[in-house]
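Report on the structure given below.
Only the coordinates and a few stated rules stand behind these numbers; no lab work does. Computed from a predicted structure; not experimentally measured. Please note: Cβ atoms are built from the backbone with ideal geometry, for glycine as well, and neighbour counts cover all protein chains shown.
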Amino acid sequence: MEKQTLYSIRMRAAVGGRHERGGKHISGGEQLGTKSEIVSKSQLLIEKALAHHRGEADFLQVTIEKVEEDIHYFRPLPVQTNDVPDETEGRILAKNLLKVIGLQTKVIDKGMAELDNCFEARGAIIVDANTGERLDGRGLKGVRVSRIDWEIDSYEAWLFEKSNLKQLKVKEALALATKVAAHPYTVAELCWSDDPDYVTGYVASQHQGYQRISKLKKFGDENGGRIYFVNLPSENDLDSYIHFLEKVPTIIKIDR
Ligand code: WAQ
Ligand code: MG
């Protein structure tokens, strides 16, 4: 797909009206595709929104934009799965992984408290890896990583090795985590889903790769989200970091 013009295809869905008017976020998704892929990729996103377990959307928006910027290519982070008996052990493991990366306990706890206040967000919250304070100021919108997709043959090759990980959620989350971890300001990410029936989450970083944790919440719980712990050289660097996440087109690719 690389030599052709690409389009960013994004979807967001809510119930109770559009997000800006207080609607509850149901589902979102982002892809990159050639012109001939726009219709099929839009359809996949619409199907995703309509089948969602968080509720029945009454607002659904698909945005299609031609991408002008140069494409960045990254290899998927290595994946490891950690099985835990329950979400309590899962959260302990997540915190330990973050500590090994170098975050202080009080920073992790503060970041998680910020997430607690913001489970309705449809994007990630950006948290200072030194203080635990939230930096993005985006409220319930958060920062949505976008313009991201797999090169199709690379995904097939990856899946051939990881045939037990064929859920769409893993495909999407690993692509997002790889893009985020690739930025030098990212220290680590902590994520678990807001889908009530999906309890697996992860801690991701360039150092530790994509560390799946089998349970990070109770089945039926609709609270989920993403924290990006960052180490910014100065506060002026936040805009360029967010620009990378939202705007720089990124394709996950394995060299073959
Ligand atoms: N950019 C930033 N934040 C996002 C994005 C995005 N593109 N998509 C979702 N979020 C935030 C938002 O707050 C959601 O509420 C929250 O993350 C959870 O999103 O290996 O499915 O799409 O088995 O529900 C991880 C484990 C699954 C996968 C994560 O997240 C595996 C998942 P969801
Ligand atoms: Mg979700």
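Over the chain, the fraction of Cα-Cα pairs per 5 Å bin, rounded to whole percents and listed from the shortest bin up, is 1, 6, 13, 18, 20, 19, 14, 7, 2, 0.
Which longest uninterrupted range of the chain lacks any chymotrypsin sites (Phe, Trp or Tyr not before Pro) assigned by DSSP to a loop state (not H, G, I, E or B) and surrounded by at most 14 other Cβ atoms within 10 Å?
On the way: sites that count: PHE119, PHE219.
The answer is 1-118.
Taking 0.36 nm per residue of separation and subtracting the Cα-Cα distance, full extension of the segment from ALA51 to GLU120 would add 22.9 nm.
Once both labels are positioned 7 Å from their Cα atoms along Cα-to-Cβ, the gap between ILE92 and HIS183 label points is 3.3 nm.
Extending 7 Å from the Cα toward the beta-carbon at both ASP83 and ILE254 defines two label points whose distance is 2.4 nm.
Mean silhouette area of the stretch 1-131, derived from the convex hull of its C-alpha atoms and averaged over all directions, reads 11.0 nm².
A viscosity of 1.306 mPa s and a temperature of 10 °C, combined with the Kirkwood radius over Cα pairs in Stokes-Einstein, give a translational diffusion coefficient for the stretch 171-256 of 114 µm²/s.
A Förster radius of 25 Å, combined with the Cβ-Cβ distance separating LYS169 from LEU140, puts the computed FRET efficiency at roughly 0.65.
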